[in-house]
Amino acid sequence: MRHYLRLSLKDTRFRIFWWIFGIASLTLMMPPSFHELYPTQADRDVLKATMENPAVIAMTGPIQEGDYTLGVMFSHEMAVFMAIVVGLFNVMIANSLSRRKEDDGLLEVVLSRNITRGGVFAAQILLGLLMNAILALVLFAGLQSFGYESMDTAGNFLYAAHTFGFGLFFYGLTLLAAQLLPSADWVFGIVLTVLLLGYAYRAATDVAAPHLSVISPYNWISRLSLYSENEAIWLVPFILGPVFLLAAWLLFRNRDLGDSVIRLQMNRRSRNIGSHLRLAFTLSRTLIISWLAGMLLIGASYGSILGDLESFIGDNEMLRQMAGEGGNGLTVQFVGTLMVIVTIIGLAPPLMVMGRLLKEERRTHLEYLGTLDIRRMKMMGDYVILALAAGFLSLFLANAGMYAASLGVEGIGLTFGDYTVSAFNYFPAVLLFTGLSAFLIGLHHRLHVLVWLYLLYNFFVSYLGQLLGLDDIYRVLTPFHYLNETPNEAADLLACLAVGGTGVVLMVLGLILFRRRDLA
Amino acid sequence: MSVLELKGITKRFGKFTAVEEVSFEIREGEVFGFIGPNGAGKSTTIRAIIGAISPTSGEVRLHGKPVTAQPDYRKHIAYVPGDVQLWPNLTGGEVIRFFMEMSGNADTEKMETLIREFRLDPKKKCKTYSKGNRQKVALISAFLSDADLLIFDEPTTGLDPLMERTFHRHVLSAKSEGKSILLSSHILSEVEKLADRIAIIREGKIIETGRFSELKHITRVHYLVRTPEDLAAVGRMEGVHEFRQEGGEAEFLVDADRVKDVLAALKRYELEGLETLPPKLEDIFMRYYDAGSGAS
Ligand SMILES: Nc1ncnc2c1ncn2[C@@H]1O[C@H](COP(=O)(O)OP(=O)(O)OP(=O)(O)O)[C@@H](O)[C@H]1O
Ligand SMILES: [Mg+2]
């Protein structure tokens with residue numbers, strides 16, 4: 001067991017290091033910058049007042065009662081958001097250690113070498129505990145080192161503890177899914193869905209029906225009331241993490257390797273796959289369709305809360321002023337914010353489709369297909385086509401969902417046309433990201449991770465920009481600086497052409513580079 | 001007329017030279033064996049031929065023209081990788097059909113014959129296939145294609161002996177149709193049986209090319225001698241290897257260039273029988289292999 005643990009650790013330590021480094025620096029960057037931006041309590045109280053609106057609550061969760069101290073501000077704006085990243089970290093590592101290893105046949109080799117299942121599983125658990133503990137420790141030490149008055153030891157401890165708990169929750173869920181589902185791709189897809197839908201669900205219910213929000217683990221974080229009441233009792237639900245681990249162990253103990261509890265075996269007629277595009281589509285179909293369903297759902301859940309804005313505004317004098325007559329302006333503004341968020345989420349499916357191309361390369365399929373006289377340009381081109389289609393449909397379906405779910409709400413004043421225009425307005429971002437993805441794949445088979453980091457950067461900047469009015473200097477590097485915010489503003493055709501054009505240029509470069517480069 | 005010609009192919013990965021100045025040609029209707037120890041550079045050479053990687057220097061020519069000048073040269077090639085990885089969620093039949101569609105071939109009758117002869121169940125998903133079954137899918141697809149150059153990278157490592165024979169039969173029948181075959185293999189008996197000419201590669205360099213009969217000079221001759229006398233003195237001669245004598249029988253290998261001396265020495269003994277066993281590819285290979293490990 002010890003040897004296997006050491007082996008797994010060696011295999012994953014760089015990835016774990018970079019994740020922890022990234023999460024910790026992103027988190028620890030914030031308290032000092034908040035302190036600089038809003039040095040006095042009066043500054044923060046003004047900020048708090050502007051933040052008590054549904055758009056912000058949808059993003060960050062409800063605002064705590066009481067003073068908006070530096071600590072409260074930090075936890076309110078960062079904790080829920082960072083939880084997504086922490087969850088992603090745990091899903092990826094857990095999946096690579098469990099189902100991915102099993103799919104690759106490595107577990108089989110290991111188990112034949114005098115290492116028991118208990119040993120393998122213990123190593124998987126220990127690694128999860130270890131990495132989350134290190135992350136929590138780094139965060140705790142970092143937060144302690146600031147010595148801000150409102151960020152006391154109890155609060156810092158609780159912040160670190162919830163990170164640990166949330167991480168382990170998704171680590172456990174992933175290991176459990178690894179026993180239930182037939183392949184690593186399925187595990188990643190399903191747990192990622194839980195991670196993202198959990199966030200979307202919390203966003204919708206926090207605004208519309210706060211008592212229902214408690215089903216989502218993100219809401220437990222809000223309920224901890226970090227740096228004010230410190231309701232440590234809300235750490236208790238995170239016990240589910242270890243429960244998942246136990247369930248996973250019970251399933252893993254008696255299961256055949258390569259088998260799964262849910263089989264998903266569909267017996268179909270033999271398909272006739274007559275072209276490379278068809279092949280590429282067959283390979284990415286499940287991925288694309290499930291993302292599209294998710295986008296529709298996210299759009300609908302956002303749309304469904306629009307009706308509650310009225311009552312929300314009713315309670316708040318300041319918002320009433322901001323919103324003007326009838327609160328209509330505010331709703332449209334809120335829709336504009338939602339569209340940016342939906343677009344950023346909708347950029348994930350095109351990138352995942354492009355990732356399939358890399359996977360085909362890694363599995364030596366491209367090398368093999370090459371001997372069928374399928375050109376590299378065609379290989380990449382077909383995935384680009386699928387990625388663009390997936391990207392457009394993602395935006396379109398999310399917008400359509402938003403429209404459909406808000407049909408019953410009176411006085412929004414947005415037509416289906418407005419939503420469609422919005423989908424087209426943000427499509428250049430899909431071109432840009434797909435282009436960047438193609439360019440990176442064309443350069444080298446290991447660089448694709450950069451486009452994911454860029455997506456995360458976009459999310460972060462849009463998110464914080466929305467909250468804090470972040471310096472425009474950060475936004476300059478994102479397409480959202482140039483594209484107008486529909487439906488508040490009319491689409492700017494020139495900006496669309498510029499962003500989309502950049503994407504197309506990158507795409508062409510990518511295709512040319514990919515044609516020439518060595519396959520991995 | 002040469003179908004495929006490699007001219008001084010060199011491939012470096014960073015500082016490491018995987019393949020250096022590799023040259024050989026394959027003629028029409030010829031089976032060309034490509035042998036060498038693990039990591040010698042066989043797969044790298046093949047990947048340069050099929051265009052998965054581009055050589056650092058050197059040229060690959062097909063039908064007399066450099067492949068860089070013929071963007072569609074791969075339509076003349078069918079390839080079976082050493083480690084066949086298929087699409088886990090497609091069935092074997094779907095993969096074979098896809099390959100046929102892509103090479104514009106619709107001979108379903110031949111397909112069914114091949115599937116029957118290789119005993120493949122085409123309705124199963126590829127992820128449920130054993131290694132041998134995955135290889136069969138790739139082999140069937142290759143034999144179905146109209147390509148006139150078939151490239152096999154260690155094609156039989158997962159096949160049982162019966163299937164191996166089926167494979168050999170199809171290689172020979174492809175050859176009789178005038179196709180050329182590049183066969184990289186570790187199984188020497190297979191290369192010996194099928195190949196008209198061979199190339200031996202070690203540490204990225206071709207160390208020998210030619211007809212099997214021409215390579216005999218570098219082999220060791222295997223002698224079986226019956227004699228009542230003690231031949232220990234012969235066993236100690238230079239160029240004599242693996243000497244064994246039991247009762248009235250002695251057995252040993254002699255380097256080809258030492259045969260004359262050894263035969264002269266044997267004249268001095270009373271011999272009841274002298275048998276020469278046919279040289280084997282294995283002996284050629286071992287000699288280079290020994291030299292390689294001895295040097296390093
Ligand atoms: N992409 C790569 N990057 C770095 N080194 C490589 C790469 N591909 C191959 N090599 C190295 O080149 C050498 C030759 O490898 P190659 O796969 O051609 O050997 P081979 O003769 O096919 O061996 P085997 O019989 O084991 O299949 C090996 O040392 C290998 O490690
Ligand atoms: Mg090889």
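Which ones in region B:144-172 are within 14 Å of another protein chain (Cβ to nearest Cβ), away from ligand 2 (no atom under 16 Å from the Cβ), over 19 Å from B:E25 (Cα atoms) and open to solvent by less than 10 Å² (accessible area, probe 1.4 Å)?
Selection gives B:L144 alone.
Which residue out of A:L477, A:L519, A:L470 is closer than 21 Å to A:L453 by Cβ, open to solvent by less than 50 Å² (accessible area, probe 1.4 Å) and at pLDDT below 95? Step through it out loud before you land on a result.
On the way: A:L477 fails: open to solvent by less than 50 Å² (accessible area, probe 1.4 Å); A:L519 fails: closer than 21 Å to A:L453 by Cβ.
The conditions single out A:L470.
Residues of region B:72-120 being part of a loop (DSSP other than H, G, I, E, B) and aliphatic (A, V, I, L, M), which ones? If you could, list the steps in order and put the result at the bottom.
Initial filter on region B:72-120 (part of a loop (DSSP other than H, G, I, E, B)): B:72, B:81-90, B:103-107, B:118-120.
Correct list: B:V84, B:L86, B:L90, B:A106, B:L120.
Residue check: is B:S23 more than 9 Å from ligand 1 (Cβ to nearest atom) and either in contact with a helix residue (DSSP H, G or I) (Cβ under 6 Å, 6 or more places away or on another chain) or at pLDDT 95 or above (or both)? Steps first, please.
On the way: more than 9 Å from ligand 1 (Cβ to nearest atom): yes; either in contact with a helix residue (DSSP H, G or I) (Cβ under 6 Å, 6 or more places away or on another chain) or at pLDDT 95 or above (or both): yes.
Spelling it out, B:S23 is indeed more than 9 Å from ligand 1 (Cβ to nearest atom) and either in contact with a helix residue (DSSP H, G or I) (Cβ under 6 Å, 6 or more places away or on another chain) or at pLDDT 95 or above (or both).
Does region B:112-127 hold any residues that are in contact with a Lys or Arg (Cβ under 8 Å, 6 or more places away or on another chain) and within 13 Å of chain A (Cβ to nearest Cβ), and which are they?
Matches in region B:112-127: B:C126 only.
A:I190 versus (1) under 19 Å from the mean Cα position of the chain (by Cα); (2) open to solvent by 30 Å² or more (accessible area, probe 1.4 Å); (3) modelled with pLDDT under 90: which is the lone unmet condition?
Only one criterion in (1) under 19 Å from the mean Cα position of the chain (by Cα); (2) open to solvent by 30 Å² or more (accessible area, probe 1.4 Å); (3) modelled with pLDDT under 90 is unmet by A:I190, namely (3).
Is it the case that region B:2-9 has a residue that's within 16 Å of ligand 2 (Cβ to nearest atom), at pLDDT 90 or above, in the same structural domain as B:S189 (by TED's automatic domain parsing) and surrounded by 23 or more Cβ atoms within 10 Å (Cβ to Cβ)?
Filtering region B:2-9 down to residues within 16 Å of ligand 2 (Cβ to nearest atom) leaves B:9.
Then keep just the ones that are at pLDDT 90 or above; that gives B:9.
Remaining after also requiring in the same structural domain as B:S189 (by TED's automatic domain parsing): B:9.
With surrounded by 23 or more Cβ atoms within 10 Å (Cβ to Cβ) added as a condition, the list becomes B:9.
Yes - at least one qualifying residue is present in region B:2-9.
Of all residues being assigned to a loop (DSSP other than H, G, I, E, B) and out of contact with any Ser or Thr (no Cβ under 8 Å at 6 or more places or on another chain) in region B:181-197, which is surrounded by the most Cβ atoms within 10 Å (Cβ to Cβ)? Just the residue, please.
B:A195
Pull up region B:12-30, narrow it to residues that are within 14 Å of chain A (Cβ to nearest Cβ) and surrounded by fewer than 23 Cβ atoms within 10 Å (Cβ to Cβ), then point me to the one that is farthest from A:L519 (Cα to Cα).
Going residue by residue through region B:12-30, those that are within 14 Å of chain A (Cβ to nearest Cβ) are B:12-14, B:16, B:18-19.
Right, trim to surrounded by fewer than 23 Cβ atoms within 10 Å (Cβ to Cβ) and you get B:12-14, B:16, B:18.
Numbers: B:R12: 14, B:F13: 12, B:G14: 15, B:F16: 17, B:A18: 15 Å.
Among residues in region B:12-30 that are within 14 Å of chain A (Cβ to nearest Cβ) and surrounded by fewer than 23 Cβ atoms within 10 Å (Cβ to Cβ), the one farthest from A:L519 (Cα to Cα) is B:F16.
Restricting to region A:218-277, give me the number of residues that are among the hydroxyl-bearing types (S, T, Y), at pLDDT 95 or above and open to solvent by 40 Å² or more (accessible area, probe 1.4 Å).
0
Which of the numbered conditions does A:I84 fail, given that it passes all the others? Conditions: (1) surrounded by fewer than 23 Cβ atoms within 10 Å (Cβ to Cβ); (2) over 23 Å from A:A161 (Cβ atoms).
(2)
Within region B:7-18, can one find any residue that is within 7 Å of ligand 1 (Cβ to nearest atom), under 15 Å from the mean Cα position of the chain (by Cα) and small (G, A, S)?
No, because not a single residue in region B:7-18 is within 7 Å of ligand 1 (Cβ to nearest atom), under 15 Å from the mean Cα position of the chain (by Cα) and small (G, A, S).
Kindly indicate whether B:S141 is touching a Gly at 6+ places or on another chain (Cβ under 7 Å), in contact (Cβ under 8 Å) with a residue 60 or more places away in the chain, open to solvent by less than 40 Å² (accessible area, probe 1.4 Å) and not charged (D, E, K, R). Spell out the reasoning first.
Details: touching a Gly at 6+ places or on another chain (Cβ under 7 Å): no; in contact (Cβ under 8 Å) with a residue 60 or more places away in the chain: yes; open to solvent by less than 40 Å² (accessible area, probe 1.4 Å): yes; not charged (D, E, K, R): yes.
No.
Here's a check for you: in region B:31-54, which residue that is in a loop (DSSP other than H, G, I, E, B) and near ligand 2 (Cβ under 10 Å from one of its atoms) is surrounded by the fewest Cβ atoms within 10 Å (Cβ to Cβ)? Break it down into steps so the answer makes sense when it comes.
Step one: list which residues in region B:31-54 are in a loop (DSSP other than H, G, I, E, B), which gives B:36-41, B:50-54.
The next check asks that each one be near ligand 2 (Cβ under 10 Å from one of its atoms); those that pass are B:36, B:38-41.
Values: B:G36: 25, B:N38: 6, B:G39: 12, B:A40: 23, B:G41: 24.
Filtering region B:31-54 for residues that are in a loop (DSSP other than H, G, I, E, B) and near ligand 2 (Cβ under 10 Å from one of its atoms), the one surrounded by the fewest Cβ atoms within 10 Å (Cβ to Cβ) comes out as B:N38.
Being part of a helix (DSSP H, G or I), among the hydroxyl-bearing types (S, T, Y), assigned by TED's automatic domain parsing to the domain that holds A:G128 and crowded, with 24+ Cβ neighbours inside 10 Å is true for just one of A:T205, A:T174. Which residue is that?
Numbers: A:T205 fails: crowded, with 24+ Cβ neighbours inside 10 Å.
The match here is A:T174.
Residues in region B:55-91 that are farther than 20 Å from B:S103 by Cβ and either more than 16 Å from ligand 2 (Cβ to nearest atom) or in contact (Cβ under 8 Å) with a residue 40 or more places away in the chain (or both): how many?
Here the count works out to 15.
Restricting to region B:38-59, and then to whatever is near ligand 1 (Cβ under 7 Å from one of its atoms) and in contact with a strand residue (DSSP E or B) (Cβ under 8 Å, 6 or more places away or on another chain), can you tell me which residue is farthest from the other protein chains (Cβ to nearest Cβ)?
The initial filter retains those residues of region B:38-59 that are near ligand 1 (Cβ under 7 Å from one of its atoms), namely B:38-45.
From the residues that got through so far, the ones that are in contact with a strand residue (DSSP E or B) (Cβ under 8 Å, 6 or more places away or on another chain) too are B:40-45.
Details: B:A40: 19, B:G41: 15, B:K42: 15, B:S43: 10, B:T44: 10, B:T45: 14 Å.
The qualifying residue farthest from the other protein chains (Cβ to nearest Cβ) is B:A40.
Just to be sure I understand, how many residues within region B:64-104 are more than 9 Å from chain A (Cβ to nearest Cβ) and surrounded by fewer than 16 Cβ atoms within 10 Å (Cβ to Cβ)?
7
Where in region A:441-520 are there helices (runs of 4 or more DSSP H), lying wholly inside it, with at least 2 residues that are more than 14 Å from chain B (Cβ to nearest Cβ) and touching a residue at least 24 places away in the same chain (Cβ under 8 Å)?
Hits in region A:441-520: A:449-468, A:493-516.
Mind listing whichever residues of region B:173-197 are touching a helix residue (DSSP H, G or I) at 6+ places or on another chain (Cβ under 7 Å), more than 16 Å from ligand 2 (Cβ to nearest atom) and at pLDDT 90 or above?
B:A174, B:I181, B:L194
Residues in region A:99-116 that are open to solvent by less than 60 Å² (accessible area, probe 1.4 Å), touching a helix residue (DSSP H, G or I) at 6+ places or on another chain (Cβ under 7 Å) and assigned to a helix (DSSP H, G or I): how many?
Initial filter on region A:99-116 (open to solvent by less than 60 Å² (accessible area, probe 1.4 Å)): A:99, A:101-102, A:105, A:107, A:110-111, A:115.
With the extra rule that they be touching a helix residue (DSSP H, G or I) at 6+ places or on another chain (Cβ under 7 Å), the set shrinks to A:99, A:101, A:107, A:110-111, A:115.
Still in the list and also assigned to a helix (DSSP H, G or I): A:99, A:101, A:107, A:110-111.
So the answer is 5.
The values are calculated or read from the model by the stated rules, or taken from the named source; none is laboratory data. Since the model is a prediction, treat every value here as computed from it, not as a measurement. As a convention, Cβ positions derive from the backbone with ideal geometry for all residues, glycine included, and neighbour counts pool all protein chains shown. Note: areas computed on protein heavy atoms with side chains; ligands, DNA, RNA excluded. Shrake-Rupley method; radii C 1.70, N 1.55, O 1.52, S 1.80 Å.
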